[in-house]
Amino acid sequence: MTDAATPTSDQPAARVPGGPTGARGPAVSPPPSPRQAAAAYLQPHVTAFLDAQGVIDHPALVLERPARPEHGDLALNLALRLAKPLGRRPLDIANDLAAAIPAGGPIAAVAVAPPGFLNLRLDLAWLFGTMREVVAAGPHWGRLDFGAGQRVQVEFVSANPTGPLLFSHGRGAVVGDTVARLLDFTGHAVEREFYVNDAGRQVRVFGMSLVAARLGRPAPDDGYSGEYIQELAAAIPDEVWGGEPERLTRVTDWGIQHYLAEYRQHLGDIGIGFDHWFSERDLYGEWSEATRAVLAAQGAIAEHDGATWITLPDGQEEVLVKSTGDGTYFWGDILYHRDKLVRRGFARAIDVWGADHQNQVRRVKDVLSLFG
């Protein structure tokens with residue numbers, strides 16, 4: 001949004017590590033896992049054993065968790081796989097292999113179990129000693145760079161600015177912020193975004209409801225009512241209420257700004273902020289026309305019954321623009337996701353949606369496939 005009603009980024013009083021605009025720490029490679037350390041210790045001993053047995057093609061060294069914890073921490077089934085090429089009983093091979101593996105490093109003991117497993121016990125002193133590296137690395141322990149700076153956008157919460165946040169929005173906030181933190185921690189260039197639904201019938205009806213409440217009139221059809229609307233309408237400043245010309249626009253924008261400020265405050269209270277607040281209004285005009293032209297060039301756009309329709313790859317038609325001229329939520333989602341991936345060039349876009357959007361996922365993906 002280009003006006004003053006919607007800021008483009010948050011500036012909370014306190015920034016938590018990994019939050020938007022927070023400084024990334026250095027990548028600190030974690031020590032090998034117990035499984036990795038055990039495999040590295042075993043490999044030279046196993047290789048020497050296989051060479052001594054005349055095995056040319058060495059099978060991979062695969063460590064597994066035993067089905068029953070009392071059997072050990074890790075298990076090796078190599079003897080079972082060597083039975084056929086060596087022409088020997090797995091149990092005999094396992095006994096010889098166990099004798100070739102001395103205790104040491106992460107391995108405290110090796111035991112043979114029928115029909116030919118090697119059960120391994122980890123050395124607890126070694127295991128607890130690895131924690132020193134964790135403590136020394138501090139909060140950046142385990143940070144990785146495999147994301148290689150790939151630009152990823154995570155869009156979450158995105159509550160319609162027509163009322164207070166709900167419990168479900170809080171759940172989405174935590175899920176979305178957790179996803180963003182994990183991506184940041186693994187070397188991705190992450191942008192957290194809140195999609196502001198500030199265009200279309202829903203916000204117009206919200207503004208109309210505020211005006212009606214201020215005038216003591218009933219809410220419009222499909223409008224908003226309740227004590228929170230009455231309280232908000234009573235708080236409309238005189239300079240916003242003003243005269244009749246453009247009153248609805250001023251009241252609507254003021255109401256949107258009121259709830260966005262409330263969202264920023266409540267989400268900031270739990271350490272969640274956004275790098276960008278994206279206005280739905282920026283999707284229309286030239287961008288919507290260009291997007292429509294791309295779809296029309298592929299024969300996916302149709303006009304009938306006074307509305308604009310899109311034909312999905314499975315042949316099903318969906319309304320994009322109603323006969324009233326209002327775009328559907330589906331059309332807004334198409335424009336928004338094309339904006340993310342084409343106009344702004346994110347390598348990946350992750351949406352954290354509510355359960356009521358399940359049916360929208362497949363349709364959006366189907367349309368995005370038309371853009372390549």
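A few comments on the model shown:
- In degrees, nearest ten, helix 286-297 long axis to first principal axis of the chain (Cα): 70
- Close amide H pairs (under 5 Å, H built 1.01 Å from N) link Ala109 with Arg121, residues at least 5 positions away or on another chain.
- The mean accessible area for residues of segment 151-252, using a 1.4 Å probe and ignoring ligands and nucleic acids, is 47 Å² per residue.
- Whole-percent carbon and sulfur share, accessible surface of the chain, 1.4 Å: 56
- 222 nm mean residue ellipticity, helices alone, for the chain (DSSP H n ≥ 4; -39,500 (n - 2.57); rounded to 500): -13000 deg cm²/dmol
- Helix axis angle, 90-99 relative to the chain longest principal axis, alpha carbon, degrees: 80
- Reported label for calculated mean projected area of the Cα convex hull in nm² given (i) 16.5; (ii) 27.6; (iii) 24.4: (ii)
- Estimated dipole of the chain in Debye, rounded to 20 [Cβ of Lys and Arg +1, of Asp and Glu -1, Cα centre]: 1480
- Here segment 56-109 and segment 303-323 have alpha carbon centers that stand 62 Å from each other.
- The spacing between segment 209-272 and segment 120-178, judged by their C-alpha centroids, is 36 Å.
- Toward the positive end of the charge dipole of segment 201-271, with +1 on the Cβ of Lys and Arg and -1 on the Cβ of Asp and Glu, the farthest Cα among Ala219, Ala234, Gln265 is that of Ala219.
- Applying 0.36 nm per residue to the separation of Ile270 and Ser225 and subtracting their alpha-carbon distance, the gain on full extension is 13.3 nm.
- The alpha-carbon of Lys365 sits under 17 angstrom from the alpha-carbons of these lysines, leaving out residues fewer than 8 places away in its chain: Lys340.
- With the highest mean first, a sort of the peptides 148-157, 46-55, 209-218, 352-361 on other beta-carbon atoms found within 10 angstrom per residue produces 148-157, 209-218, 46-55, 352-361.
- For Phe278, distant residues with modelled amide H under 5 Å away: Phe194, Tyr195, Val196
- 0 to 90° range, to nearest 10: angle between helix 201-214 axis and the chain longest Cα axis: 50
- With 0.36 nm allotted per residue and the present C-alpha distance subtracted, the Leu144-Phe128 stretch has 3.5 nm of extension available.
- In terms of packing, defined here as the mean over residues of other Cβ atoms within 10 angstrom, the peptides 112-122, 163-173, 59-69 line up highest first as 112-122, 163-173, 59-69.
- Note on the chain: antiparallel DSSP beta bridges, both residues inside, total approximately 60 percent of the bridges counted.
The values are calculated or read from the model by the stated rules, or taken from the named source; none is laboratory data. Every value quoted in this text rests on a predicted model; they were computed, and no experiment measured them. Methodologically, a virtual Cβ is constructed for each residue, glycine included, from the backbone with ideal geometry; neighbour enumeration extends over all protein chains shown. With ligands, DNA and RNA removed, areas are computed over all heavy atoms of the protein, side chains included. Shrake-Rupley method; radii C 1.70, N 1.55, O 1.52, S 1.80 Å.
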